[in-house]
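Enquirer: Pasting in a structure now, in C-alpha coordinates, and then I'll have a few things to ask.
The values are calculated or read from the model by the stated rules, or taken from the named source; none is laboratory data. Model, not experiment: these values are computed from the prediction. Virtual Cβ from ideal backbone geometry, glycine too; neighbours counted across all protein chains shown.
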Amino acid sequence: MIRVDTGRFGAALEASPWGDPILAAWRRLARDARPEGIALAALDALAREQSLCSGCGRSLRFIAAGSVAVDAYESHIARTGEVPTRTTGAGAVHDLLNALAWLAFPRIKARLNAIQAGIVAREGIGGRRGPVRDAATVFDENAALFVTADSSFAAALRERRWRSLFVEGREAFGQRVSVRLFGHALVQKLLEPYKSICAHAWIVPLPADIDTAEVDAWLAARFAAASPSLDEARPLPVLGVPGWWPANADPGFYADEAVFRPPPR
(Lines give C-alpha, C1' and ligand atoms only; values in the text may rest on other atoms or scores of the structure.)
Protein backbone atom coordinates (compact mmCIF):
# COMPACT_ATOMS: atom_id res chain seq x y z
CA MET A 1 0.00 0.00 0.00
CA ILE A 2 1.16 3.55 -0.81
CA ARG A 3 0.70 5.21 2.54
CA VAL A 4 -0.48 8.75 1.91
CA ASP A 5 -3.25 10.82 3.46
CA THR A 6 -5.71 10.26 0.63
CA GLY A 7 -8.21 12.78 1.97
CA ARG A 8 -5.67 15.59 2.00
CA PHE A 9 -4.13 14.48 -1.30
CA GLY A 10 -7.48 14.27 -3.06
CA ALA A 11 -8.67 17.59 -1.64
CA ALA A 12 -5.53 19.34 -2.91
CA LEU A 13 -6.10 17.98 -6.41
CA GLU A 14 -9.83 18.71 -6.39
CA ALA A 15 -9.24 22.30 -5.29
CA SER A 16 -6.63 22.97 -7.94
CA PRO A 17 -7.45 24.80 -11.19
CA TRP A 18 -4.49 23.04 -12.81
CA GLY A 19 -5.37 19.47 -11.81
CA ASP A 20 -6.54 17.84 -15.04
CA PRO A 21 -5.62 15.39 -16.48
CA ILE A 22 -3.85 14.05 -13.36
CA LEU A 23 -7.06 14.78 -11.44
CA ALA A 24 -9.08 12.66 -13.87
CA ALA A 25 -6.74 9.74 -13.22
CA TRP A 26 -7.01 10.28 -9.47
CA ARG A 27 -10.80 10.23 -9.60
CA ARG A 28 -10.72 6.78 -11.20
CA LEU A 29 -8.30 5.53 -8.57
CA ALA A 30 -10.08 7.23 -5.64
CA ARG A 31 -12.97 4.79 -5.91
CA ASP A 32 -10.68 2.24 -4.24
CA ALA A 33 -8.81 4.62 -1.94
CA ARG A 34 -8.68 4.09 1.79
CA PRO A 35 -8.00 6.90 4.26
CA GLU A 36 -4.56 5.49 5.02
CA GLY A 37 -3.46 4.97 1.43
CA ILE A 38 -3.77 3.34 -1.97
CA ALA A 39 -3.37 -0.38 -2.53
CA LEU A 40 -0.92 -1.26 -5.30
CA ALA A 41 -3.51 -3.77 -6.47
CA ALA A 42 -5.89 -0.88 -7.20
CA LEU A 43 -3.26 0.72 -9.45
CA ASP A 44 -2.66 -2.62 -11.14
CA ALA A 45 -6.39 -3.03 -11.81
CA LEU A 46 -6.52 0.34 -13.59
CA ALA A 47 -3.34 -0.49 -15.49
CA ARG A 48 -4.97 -3.70 -16.75
CA GLU A 49 -8.20 -1.88 -17.53
CA GLN A 50 -6.28 0.58 -19.73
CA SER A 51 -3.89 -2.09 -21.11
CA LEU A 52 -0.87 -0.07 -20.00
CA CYS A 53 2.48 -1.30 -21.29
CA SER A 54 6.11 -0.48 -20.75
CA GLY A 55 8.39 0.76 -23.50
CA CYS A 56 9.06 -2.84 -24.50
CA GLY A 57 5.38 -3.79 -24.52
CA ARG A 58 5.31 -5.54 -21.14
CA SER A 59 2.06 -5.29 -19.19
CA LEU A 60 2.49 -2.65 -16.51
CA ARG A 61 2.17 -3.31 -12.79
CA PHE A 62 3.22 -1.37 -9.71
CA ILE A 63 5.42 -3.07 -7.12
CA ALA A 64 6.83 -1.96 -3.78
CA ALA A 65 10.22 -0.38 -4.39
CA GLY A 66 11.93 -2.45 -1.71
CA SER A 67 10.71 -5.76 -3.08
CA VAL A 68 13.16 -5.98 -5.99
CA ALA A 69 16.78 -5.03 -6.66
CA VAL A 70 16.94 -2.54 -9.54
CA ASP A 71 20.18 -1.44 -11.20
CA ALA A 72 18.60 0.77 -13.87
CA TYR A 73 15.07 1.98 -13.08
CA GLU A 74 13.88 2.64 -16.64
CA SER A 75 15.44 -0.56 -17.99
CA HIS A 76 13.73 -2.60 -15.31
CA ILE A 77 10.35 -1.10 -16.19
CA ALA A 78 10.87 -1.66 -19.91
CA ARG A 79 12.03 -5.26 -19.51
CA THR A 80 9.60 -6.47 -16.85
CA GLY A 81 6.69 -4.02 -16.80
CA GLU A 82 7.25 -3.57 -13.05
CA VAL A 83 7.25 0.05 -11.81
CA PRO A 84 9.09 0.19 -8.45
CA THR A 85 6.98 2.44 -6.22
CA ARG A 86 7.89 3.84 -2.82
CA THR A 87 5.14 3.17 -0.33
CA THR A 88 6.18 5.26 2.68
CA GLY A 89 7.99 8.47 3.46
CA ALA A 90 8.50 11.54 1.30
CA GLY A 91 8.81 9.50 -1.88
CA ALA A 92 5.34 7.96 -1.58
CA VAL A 93 3.46 11.02 -2.90
CA HIS A 94 6.03 11.47 -5.67
CA ASP A 95 5.62 7.88 -6.84
CA LEU A 96 1.83 7.99 -6.55
CA LEU A 97 1.87 11.01 -8.87
CA ASN A 98 4.15 9.07 -11.23
CA ALA A 99 1.57 6.26 -11.29
CA LEU A 100 -1.18 8.79 -12.04
CA ALA A 101 0.92 10.15 -14.92
CA TRP A 102 1.07 6.61 -16.35
CA LEU A 103 -2.72 6.44 -16.16
CA ALA A 104 -3.19 9.91 -17.68
CA PHE A 105 -0.54 9.77 -20.44
CA PRO A 106 0.18 6.07 -21.10
CA ARG A 107 1.61 6.49 -24.61
CA ILE A 108 4.02 9.27 -23.75
CA LYS A 109 5.19 7.47 -20.61
CA ALA A 110 5.81 4.27 -22.59
CA ARG A 111 7.71 6.17 -25.28
CA LEU A 112 9.91 7.95 -22.72
CA ASN A 113 10.56 4.59 -21.07
CA ALA A 114 11.57 3.07 -24.41
CA ILE A 115 13.92 5.97 -25.15
CA GLN A 116 15.63 5.76 -21.76
CA ALA A 117 15.91 1.96 -21.77
CA GLY A 118 17.22 1.92 -25.33
CA ILE A 119 20.04 4.33 -24.50
CA VAL A 120 20.99 2.39 -21.37
CA ALA A 121 21.06 -0.84 -23.41
CA ARG A 122 23.43 0.73 -25.94
CA GLU A 123 25.60 2.88 -23.68
CA GLY A 124 25.22 1.54 -20.14
CA ILE A 125 24.28 3.64 -17.14
CA GLY A 126 27.49 5.67 -17.04
CA GLY A 127 28.22 8.76 -14.98
CA ARG A 128 26.23 11.11 -17.19
CA ARG A 129 22.85 10.67 -18.84
CA GLY A 130 23.67 12.50 -22.05
CA PRO A 131 21.41 15.05 -23.78
CA VAL A 132 18.58 12.71 -24.84
CA ARG A 133 18.23 10.99 -21.47
CA ASP A 134 18.48 14.41 -19.78
CA ALA A 135 15.63 15.72 -21.93
CA ALA A 136 13.52 12.61 -21.33
CA THR A 137 14.09 12.88 -17.57
CA VAL A 138 13.26 16.59 -17.48
CA PHE A 139 10.11 15.97 -19.51
CA ASP A 140 9.08 13.12 -17.23
CA GLU A 141 9.59 15.14 -14.06
CA ASN A 142 8.77 18.74 -14.98
CA ALA A 143 6.95 19.04 -18.32
CA ALA A 144 3.89 21.14 -18.98
CA LEU A 145 2.12 20.76 -22.31
CA PHE A 146 1.26 24.13 -23.86
CA VAL A 147 -1.49 23.06 -26.22
CA THR A 148 -2.41 25.67 -28.81
CA ALA A 149 -3.04 25.93 -32.52
CA ASP A 150 -2.61 29.72 -32.29
CA SER A 151 0.89 30.65 -33.45
CA SER A 152 0.75 34.06 -31.74
CA PHE A 153 0.40 32.49 -28.29
CA ALA A 154 3.12 29.95 -29.09
CA ALA A 155 5.43 32.77 -30.21
CA ALA A 156 4.71 34.79 -27.06
CA LEU A 157 5.78 31.83 -24.94
CA ARG A 158 8.93 31.21 -27.00
CA GLU A 159 9.88 34.88 -26.74
CA ARG A 160 8.92 35.25 -23.06
CA ARG A 161 6.49 38.07 -23.81
CA TRP A 162 4.72 37.55 -20.53
CA ARG A 163 2.45 40.62 -20.65
CA SER A 164 1.35 39.77 -24.17
CA LEU A 165 0.66 36.20 -23.12
CA PHE A 166 -0.98 36.69 -19.73
CA VAL A 167 -2.19 40.32 -19.54
CA GLU A 168 -3.04 41.55 -23.03
CA GLY A 169 -4.01 38.05 -24.16
CA ARG A 170 -5.75 37.14 -20.93
CA GLU A 171 -9.34 37.06 -22.19
CA ALA A 172 -8.46 34.89 -25.19
CA PHE A 173 -5.99 32.66 -23.34
CA GLY A 174 -8.56 30.18 -22.04
CA GLN A 175 -10.06 29.70 -25.50
CA ARG A 176 -6.77 29.52 -27.42
CA VAL A 177 -4.49 27.70 -24.98
CA SER A 178 -4.74 24.69 -22.68
CA VAL A 179 -1.89 24.02 -20.26
CA ARG A 180 -1.81 20.38 -19.15
CA LEU A 181 0.67 19.22 -16.53
CA PHE A 182 2.64 16.06 -17.21
CA GLY A 183 5.64 16.09 -14.88
CA HIS A 184 4.92 14.38 -11.59
CA ALA A 185 7.58 16.38 -9.70
CA LEU A 186 5.97 19.55 -11.04
CA VAL A 187 2.54 18.47 -9.80
CA GLN A 188 4.02 17.61 -6.41
CA LYS A 189 5.39 21.15 -6.05
CA LEU A 190 1.96 22.56 -6.85
CA LEU A 191 0.39 20.65 -3.97
CA GLU A 192 2.07 23.34 -1.82
CA PRO A 193 2.33 26.16 -4.36
CA TYR A 194 4.74 29.11 -4.42
CA LYS A 195 5.11 31.83 -7.02
CA SER A 196 8.39 30.80 -8.62
CA ILE A 197 7.42 27.25 -9.67
CA CYS A 198 8.57 26.95 -13.26
CA ALA A 199 7.77 24.19 -15.73
CA HIS A 200 9.61 23.12 -18.86
CA ALA A 201 6.87 23.73 -21.42
CA TRP A 202 6.64 21.84 -24.70
CA ILE A 203 4.42 23.49 -27.31
CA VAL A 204 1.85 21.10 -28.77
CA PRO A 205 0.34 22.60 -31.97
CA LEU A 206 -3.16 21.21 -31.52
CA PRO A 207 -6.51 22.88 -30.68
CA ALA A 208 -6.78 23.90 -27.04
CA ASP A 209 -9.95 21.86 -26.48
CA ILE A 210 -8.61 18.59 -27.86
CA ASP A 211 -8.93 15.44 -25.74
CA THR A 212 -5.94 14.52 -23.60
CA ALA A 213 -5.85 11.08 -25.25
CA GLU A 214 -5.16 12.78 -28.59
CA VAL A 215 -2.43 14.95 -27.06
CA ASP A 216 -0.93 11.77 -25.58
CA ALA A 217 -0.99 10.02 -28.96
CA TRP A 218 0.40 13.04 -30.83
CA LEU A 219 3.38 13.54 -28.53
CA ALA A 220 4.14 9.81 -28.35
CA ALA A 221 4.28 9.71 -32.15
CA ARG A 222 6.39 12.87 -32.17
CA PHE A 223 8.89 11.33 -29.75
CA ALA A 224 8.94 8.11 -31.77
CA ALA A 225 10.05 10.15 -34.78
CA ALA A 226 12.52 12.31 -32.83
CA SER A 227 13.43 12.07 -29.16
CA PRO A 228 12.64 15.05 -26.91
CA SER A 229 15.22 17.80 -26.80
CA LEU A 230 15.72 20.47 -24.16
CA ASP A 231 16.06 22.94 -27.05
CA GLU A 232 12.30 22.55 -27.51
CA ALA A 233 11.44 23.35 -23.88
CA ARG A 234 10.42 26.85 -22.83
CA PRO A 235 10.24 28.18 -19.27
CA LEU A 236 6.68 28.61 -18.02
CA PRO A 237 6.01 30.06 -14.55
CA VAL A 238 2.88 28.01 -14.11
CA LEU A 239 1.17 30.17 -11.48
CA GLY A 240 1.09 32.92 -14.10
CA VAL A 241 -1.46 30.95 -16.13
CA PRO A 242 -4.71 32.96 -15.94
CA GLY A 243 -6.99 31.56 -13.26
CA TRP A 244 -4.34 29.33 -11.73
CA TRP A 245 -3.44 31.67 -8.84
CA PRO A 246 -5.62 34.42 -7.36
CA ALA A 247 -2.79 36.96 -7.24
CA ASN A 248 -2.24 36.86 -10.98
CA ALA A 249 -5.49 38.77 -11.55
CA ASP A 250 -3.37 41.86 -10.79
CA PRO A 251 -1.23 42.77 -13.84
CA GLY A 252 1.55 43.79 -11.44
CA PHE A 253 2.00 40.10 -10.60
CA TYR A 254 3.90 39.70 -13.86
CA ALA A 255 6.34 42.55 -13.17
CA ASP A 256 8.48 40.29 -10.97
CA GLU A 257 11.48 39.62 -13.22
CA ALA A 258 12.90 37.11 -10.76
CA VAL A 259 10.02 34.85 -11.85
CA PHE A 260 8.91 36.22 -15.23
CA ARG A 261 12.35 36.58 -16.65
CA PRO A 262 13.00 38.45 -19.86
CA PRO A 263 14.57 36.57 -22.76
CA PRO A 264 18.36 36.14 -22.59
CA ARG A 265 20.35 38.74 -24.46
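Enquirer: When residues of segment 222-243 are filtered for being outside any helix (DSSP H, G or I) and surrounded by fewer than 18 Cβ atoms within 10 Å (Cβ to Cβ), how many remain?
Expert: Qualifying residue count, segment 222-243: 5.
Enquirer: Just the residues that are more than 20 Å from the chain's Cα centre (by Cα) and among the acidic types (Asp, Glu), please, taken from segment 138-180.
Expert: Correct list: 150, 159, 168, 171.
Enquirer: Among 216, 211, which is the only one that is surrounded by 20 or more Cβ atoms within 10 Å (Cβ to Cβ) and outside the structural domain of residue 102 (by TED's automatic domain parsing)?
Expert: Of the residues listed, the single one that is surrounded by 20 or more Cβ atoms within 10 Å (Cβ to Cβ) and outside the structural domain of residue 102 (by TED's automatic domain parsing) is 216.
Enquirer: Of the residues 108, 38, 115, which is aliphatic (A, V, I, L, M), more than 16 Å from residue 187 (Cβ to Cβ) and under 21 Å from the mean Cα position of the chain (by Cα)?
Expert: One residue alone meets the criteria, 115.
Enquirer: For residues that are without any contact (Cβ under 8 Å) to a residue 40 or more places away in the chain and surrounded by 13 or more Cβ atoms within 10 Å (Cβ to Cβ), scanning just segment 124-137, find the one that is nearest to the chain's Cα centre (by Cα).
Expert: Result: 137.
Enquirer: Among the listed residues 41, 45, 65, which satisfies the condition of being within 23 Å of residue 9 (Cβ to Cβ), surrounded by fewer than 19 Cβ atoms within 10 Å (Cβ to Cβ) and without any contact (Cβ under 8 Å) to a residue 12 or more places away in the chain?
Expert: Every option except 41 fails the conditions.
Enquirer: Scanning segment 244-265 for residues that are without any contact (Cβ under 8 Å) to a residue 24 or more places away in the chain and not in a helix (DSSP H, G or I), which turns out farthest from the chain's Cα centre (by Cα)?
Expert: That would be 265.
Enquirer: If you don't mind, there's one more thing I want to ask. Considering only segment 69-77, I want to know if a residue exists there that is crowded, with 22+ Cβ neighbours inside 10 Å and either assigned to a helix (DSSP H, G or I) or out of contact with any Leu (no Cβ under 6 Å at 6 or more places or on another chain) (or both).
Expert: For segment 69-77, residues crowded, with 22+ Cβ neighbours inside 10 Å and either assigned to a helix (DSSP H, G or I) or out of contact with any Leu (no Cβ under 6 Å at 6 or more places or on another chain) (or both): present.
Enquirer: When you scan segment 68-98, how many residues do you find that are touching a residue at least 40 places away in the same chain (Cβ under 8 Å), out of contact with any helix residue (DSSP H, G or I) (no Cβ under 8 Å at 6 or more places or on another chain) and under 21 Å from residue 136 (Cα atoms)?
Expert: The total comes to 1.
Enquirer: Sticking with this structure for a sec: Determine which single condition residue 225 fails, assuming it passes every other condition in (1) within 30 Å of residue 51 (Cβ to Cβ); (2) under 18 Å from the mean Cα position of the chain (by Cα); (3) among the hydrophobic types (A, V, I, L, M, F, W, C).
Expert: (2)
Enquirer: Something else now. Return only the number of the condition from (1) farther than 24 Å from residue 129 by Cβ; (2) without any contact (Cβ under 8 Å) to a residue 60 or more places away in the chain; (3) not basic (Lys, Arg) that residue 190 does not satisfy.
Expert: Result: residue 190 passes all but (2).
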